[in-house]
Amino acid sequence: MKKIVLSLLITTTILHCEDDLLPKTPIASRTSMFLHPIFQNNAMDKSLWHTAWLHKEHKTALQVTGFYQQAFHTEHIQQFFLPEFRTKLRVNQTALNRDINPAWIGLPASFDGYLTIAPSYHSSGFRMEARHMIGDLFNFPFLKNIYLTASGVFTVNKQEINLAQSDVQNAGSSSSPVYDILTAFNNPTWNFDKMAPRPAKKALAELRFGYGTTIFTSGRAHAITFTSISIPTYKKPTNEYLFDTQIGHDGHLGVMWGLSMQLPVNRESDSYQVNLHIDLENTYLMKDHRYRTFDLKGKEWSRFLLLRANNQPFDITIPGVNILTQRVMVAPHHTTDFTFGIRTSTNDMEFDFGYAIWAHGGDKVRFTEPWQNIYGIAGSFTLQTASTSTIATTGPDDATFTPILISDLNIDSGSMPAVMVHRAFGTVGYAHRGEKYDAFIGGGVFAEAPHQKAKAPMIWGTHVKAGFGF
C-alpha cells in the first residue's frame, strides 16, 4: 500500500511541475531532450497479457511484443534546439537580421546563408517477457501469490537533427574541411554537439528482472503490484552529436514499481464483459555521470563561439563546445506511466481503448569536476578576450583577460526539462482461456502529443503481440 500511495504522489507531483516550474525557463537553445522510451507503454504491455498473467494455475506465461513508433509532427520541437522565437538562422557578418557571425564557425567573412533544422525520430523492436509463479517451489503460504518476471528489449532507433542550408553565397573552398553551414556544424575539431546525419542504433535496450504479488482476485476484478529493476545493456551516450539517438532511459539504471487494477462494470451473467482498468508504473532512475553541453547565461548558442586560453602564448582558438561540454552528475529522477482504459470482451475477442499520461520530472545537473578559469571568449589577438561577444556579434576587446567562470554557465541549457505527453490507444485481440493453457494474439495503435509543444514530438505507433500460459 505504501508503494501505491508513493507512486500516486510522484505522479501528481510530476504532472504539476510541468506547468508550475517550466514557464519560468524558456524552452529554447537546449542540448539534451529526453524522449519517451518506446517500450515504456502500459497499454501495450498489459493488453491481452492479463489473460495469462493472472492465471495462477498456469505457473508459467510468456509473451512477445513487436512495436514501431514514429514522429509525425516535429516542427514545434525546432524551438527546443534553436534560439528563442527563431525557426531559421541567418549566417552573415553584417546583415541587420543576422543570427550567426560566420567567423565564429570557421566560414569566410563574406559568407551568407540560412540554417534550418527538422528533427526526426523513429523506433522499432520487440520485447520478450516471462512470468513464473513460485508458490509451487516452496511450501510457504505467503509465497502462493508471488511471481517472478524477466524481460528483454531489442530496439532499432534513429534520431536526426536534419540540419539544412539554403540561399548559400560566398562559400569557402571545398578543399577545406569547413566551407559551408553543413560542414561548419560537423567540424572535425569539435568533440561535442555536432550536427550531422547519424546511422540507426541497434541495441539490446534493457534487461528487466522483478517480482509481483496479487493483492486480490475475485472473478473479473483484480489488483496486482510489482517491482523490478531495469538494467541498461548498451554504451552510455557521448554527447558528440546534438539530438543523437537515445536508447531507453538514456543509460540510467532504473528501479520500478507499479500497480495494475481491473474492476467489472456489468454483470457476470451478461454475454459480454465490460471492465475498467488502471495501470500505473513509476521508474526511479539512478544518478550517473554524463557529458552535457552548456551555453553561457543570456547568450544562446554561445557554445559555438571560439574561446582562448589565458596561458596560451600563440594565437590559437578553441571550439567552445570542447570547453563548455562537461562531465557532470545527472539526477534524472522519475518517469511515470499512468493508464486508464475500458476493456471489453465477447466470446474470445477482446477490445481495449483508453487514455494515458507519460511524464518525466526533468533532471538535475551537478558539476563534480573542477572548473578551470583560464578560458575566455576569443578577442582580436593573442591573450585578449571579448567577453561581450555573442554568436551573432563580435564585441570589443576587454581591457584585461576576462575568463569564463562556472557561474557564467547556463545550467538549464544542458539539462533535460520536465515533460508530459498524452496518449490515446486502442487494441484488439483474440484470447483463449482454457484449463490446460491460455493463448492470445492481437495488436493495437496509439498516438502521443506533448502537453507543451516544444518539449517532445507528436508520435504515432503500433504493436503486435502473442503469448501463452501453461
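Residues checked against (1) over 22 Å from GLY320 (Cβ atoms); (2) outside any strand (DSSP E or B); (3) charged (D, E, K, R):
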site	(1), (2), (3)
GLN93	no, yes, no
ASN97	yes, yes, no
TRP104	no, yes, no
ALA109	no, yes, no
ALA118	yes, yes, no
PHE126	yes, no, no
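Looking at the range 192-204, is at least one residue of a type outside the set (Val, Ile, Thr), closer than 18 Å to THR149 by Cβ and more than 16 Å from the chain's Cα centre (by Cα)?
Keep residues of the range 192-204 that are of a type outside the set (Val, Ile, Thr), which gives 192-204.
Remaining after also requiring closer than 18 Å to THR149 by Cβ: 204.
When the remaining residues are screened for being more than 16 Å from the chain's Cα centre (by Cα), the result is 204.
Yes; the residues of the range 192-204 include at least one that is of a type outside the set (Val, Ile, Thr), closer than 18 Å to THR149 by Cβ and more than 16 Å from the chain's Cα centre (by Cα).
Quick check: is even one residue across the range 147-154 of a type in the set (S, T, N, Q), in contact with a strand residue (DSSP E or B) (Cβ under 7 Å, 6 or more places away or on another chain) and either surrounded by fewer than 18 Cβ atoms within 10 Å (Cβ to Cβ) or farther than 20 Å from SER110 by Cα (or both)?
Step one: of the range 147-154, the residues of a type in the set (S, T, N, Q) are 149, 151.
Of the ones still in play, those that are also in contact with a strand residue (DSSP E or B) (Cβ under 7 Å, 6 or more places away or on another chain) are 149, 151.
Now narrow it down to the ones that are either surrounded by fewer than 18 Cβ atoms within 10 Å (Cβ to Cβ) or farther than 20 Å from SER110 by Cα (or both): 149, 151.
For the range 147-154, residues of a type in the set (S, T, N, Q), in contact with a strand residue (DSSP E or B) (Cβ under 7 Å, 6 or more places away or on another chain) and either surrounded by fewer than 18 Cβ atoms within 10 Å (Cβ to Cβ) or farther than 20 Å from SER110 by Cα (or both): present.
If we scan the range 306-322, do we find a residue that is touching a strand residue (DSSP E or B) at 6+ places or on another chain (Cβ under 6 Å), at pLDDT 95 or above and under 30 Å from ALA359 (Cβ atoms)?
no
Inside the range 365-414, can you point out the residues that are in contact with an Asp or Glu (Cβ under 6 Å, 6 or more places away or on another chain) and of a type in the set (Gly, Ala, Ser)?
Within the range 365-414, GLY379, SER380, ALA386, SER387, ALA392, SER413 qualify.
Would you check if ALA378 is surrounded by 23 or more Cβ atoms within 10 Å (Cβ to Cβ), in contact with a helix residue (DSSP H, G or I) (Cβ under 6 Å, 6 or more places away or on another chain) and either small (Gly, Ala, Ser) or without any contact (Cβ under 8 Å) to a residue 12 or more places away in the chain (or both)? Please lay out each step first, then the result.
Numbers: surrounded by 23 or more Cβ atoms within 10 Å (Cβ to Cβ): yes; in contact with a helix residue (DSSP H, G or I) (Cβ under 6 Å, 6 or more places away or on another chain): no; either small (Gly, Ala, Ser) or without any contact (Cβ under 8 Å) to a residue 12 or more places away in the chain (or both): yes.
In short, no.
From the set of residues in the range 327-374 that are in a strand (DSSP E or B) and of a type in the set (S, T, N, Q), which is nearest to LEU409 (Cα to Cα)? Walk me through it before giving the result.
Taking the range 327-374 as the starting set, the residues that turn out to be in a strand (DSSP E or B) are 327-331, 334-346, 349-360, 364-367.
Next, from what is left, pick out any that are of a type in the set (S, T, N, Q): 335-336, 339, 344-346.
Working: THR335: 27, THR336: 30, THR339: 39, THR344: 54, SER345: 57, THR346: 60 Å.
Within the range 327-374, the match that is nearest to LEU409 (Cα to Cα) is THR335.
Scan the range 423-440 for residues that are at pLDDT below 95, surrounded by fewer than 22 Cβ atoms within 10 Å (Cβ to Cβ) and either touching a strand residue (DSSP E or B) at 6+ places or on another chain (Cβ under 8 Å) or not in a loop (DSSP other than H, G, I, E, B) (or both) and report the count.
Result for the range 423-440: 5.
Quick one: would you say THR245 is of a type in the set (Val, Ile, Thr), under 24 Å from GLY125 (Cβ atoms) and either assigned to a loop (DSSP other than H, G, I, E, B) or in contact (Cβ under 8 Å) with a residue 12 or more places away in the chain (or both)?
Details: of a type in the set (Val, Ile, Thr): yes; under 24 Å from GLY125 (Cβ atoms): yes; either assigned to a loop (DSSP other than H, G, I, E, B) or in contact (Cβ under 8 Å) with a residue 12 or more places away in the chain (or both): yes.
Criteria met by THR245.
Regarding the range 242-249, can at least one residue be identified that is over 25 Å from PRO37 (Cα atoms), in contact with a strand residue (DSSP E or B) (Cβ under 6 Å, 6 or more places away or on another chain) and crowded, with 22+ Cβ neighbours inside 10 Å? Break it down stepwise before answering.
Residues of the range 242-249 over 25 Å from PRO37 (Cα atoms): none.
Checked the range 242-249: no residue is over 25 Å from PRO37 (Cα atoms), in contact with a strand residue (DSSP E or B) (Cβ under 6 Å, 6 or more places away or on another chain) and crowded, with 22+ Cβ neighbours inside 10 Å.
Tell me which residues, restricted to the range 392-410, are among the acidic types (Asp, Glu) and not in a helix (DSSP H, G or I). Spell out how you get there, then give the answer.
Step one: filter the range 392-410 for residues among the acidic types (Asp, Glu), giving 397-398, 408.
Selection gives ASP397, ASP398.
Which residues, counting only those in the range 96-149, are aromatic (Phe, Trp, Tyr), at pLDDT 95 or above and within 32 Å of the chain's Cα centre (by Cα)? Give the derivation first.
Filtering the range 96-149 down to residues aromatic (Phe, Trp, Tyr) leaves 104, 111, 114, 121, 126, 138, 140, 142, 147.
From the residues that got through so far, the ones that are at pLDDT 95 or above too are 104, 111, 114, 121, 126.
Passing the criteria: TRP104, TYR114, TYR121, PHE126.
Just checking, which of ALA386, ALA356, ALA392, ALA399 is surrounded by fewer than 18 Cβ atoms within 10 Å (Cβ to Cβ) and not basic (Lys, Arg)?
On the way: ALA386 fails: surrounded by fewer than 18 Cβ atoms within 10 Å (Cβ to Cβ); ALA356 fails: surrounded by fewer than 18 Cβ atoms within 10 Å (Cβ to Cβ); ALA392 fails: surrounded by fewer than 18 Cβ atoms within 10 Å (Cβ to Cβ).
Testing whether each residue is surrounded by fewer than 18 Cβ atoms within 10 Å (Cβ to Cβ) and not basic (Lys, Arg) leaves just ALA399.
Give me a count of the residues in the range 85-123 that are touching a residue at least 40 places away in the same chain (Cβ under 8 Å), surrounded by fewer than 19 Cβ atoms within 10 Å (Cβ to Cβ) and among the polar types (S, T, N, Q).
Result for the range 85-123: 3.
Quick one: in the range 278-297, of everything that is in a loop (DSSP other than H, G, I, E, B) and out of contact with any helix residue (DSSP H, G or I) (no Cβ under 9 Å at 6 or more places or on another chain), which residue is farthest from ARG208 (Cα to Cα)? Show your work before the answer.
As a first pass, look at the range 278-297 and keep what is in a loop (DSSP other than H, G, I, E, B): 286-287, 294, 297.
Add one more test, that the residue is out of contact with any helix residue (DSSP H, G or I) (no Cβ under 9 Å at 6 or more places or on another chain), and what stays is 286-287.
Working: MET286: 15, LYS287: 18 Å.
Applying the filter and picking the extreme gives LYS287.
Out of the residues in the range 212-229 that are hydroxyl-bearing (Ser, Thr, Tyr) and at pLDDT 95 or above, state the one that is surrounded by the most Cβ atoms within 10 Å (Cβ to Cβ). Break it down into steps so the answer makes sense when it comes.
If we filter the range 212-229 for residues that are hydroxyl-bearing (Ser, Thr, Tyr), which is where we start, we get 213-214, 217-218, 225, 227-228.
Remaining after also requiring at pLDDT 95 or above: 227-228.
Details: THR227: 14, SER228: 21.
Residue satisfying both the conditions and the ranking: SER228.
Output the helices (runs of 4 or more DSSP H) that fall wholly within the range 20-84 and possess 1 or more residues being modelled with pLDDT of 90 or more, surrounded by fewer than 24 Cβ atoms within 10 Å (Cβ to Cβ) and charged (D, E, K, R), or say none.
Values: elements: 42-46, 50-53, 78-81.
Qualifying helices (runs of 4 or more DSSP H): 42-46.
Got at least one residue in the range 218-231 being assigned to a strand (DSSP E or B) and without any contact (Cβ under 8 Å) to a residue 24 or more places away in the chain?
Step one: list which residues in the range 218-231 are assigned to a strand (DSSP E or B), which gives 218, 221-231.
Among the residues that remain, those that are also without any contact (Cβ under 8 Å) to a residue 24 or more places away in the chain are: 218.
Yes, the range 218-231 contains at least one residue that is assigned to a strand (DSSP E or B) and without any contact (Cβ under 8 Å) to a residue 24 or more places away in the chain.
In the range 402-422, which residue that is farther than 15 Å from ARG303 by Cα and within 20 Å of the chain's Cα centre (by Cα) is surrounded by the fewest Cβ atoms within 10 Å (Cβ to Cβ)?
Among them, the one singled out is HIS422.
Please count how many residues of the range 356-374 are aromatic (Phe, Trp, Tyr) and touching a Lys or Arg at 6+ places or on another chain (Cβ under 7 Å).
Restricting attention to the range 356-374, the residues satisfying the condition of being aromatic (Phe, Trp, Tyr) are 358, 367, 371.
Remaining after also requiring touching a Lys or Arg at 6+ places or on another chain (Cβ under 7 Å): 358.
Within the range 356-374, residues that are aromatic (Phe, Trp, Tyr) and touching a Lys or Arg at 6+ places or on another chain (Cβ under 7 Å) number 1.
The values are calculated or read from the model by the stated rules, or taken from the named source; none is laboratory data. Every value quoted in this text rests on a predicted model; they were computed, and no experiment measured them. Glycine also receives a Cβ, built like all others from the backbone with ideal geometry; neighbour counts cover every protein chain displayed.
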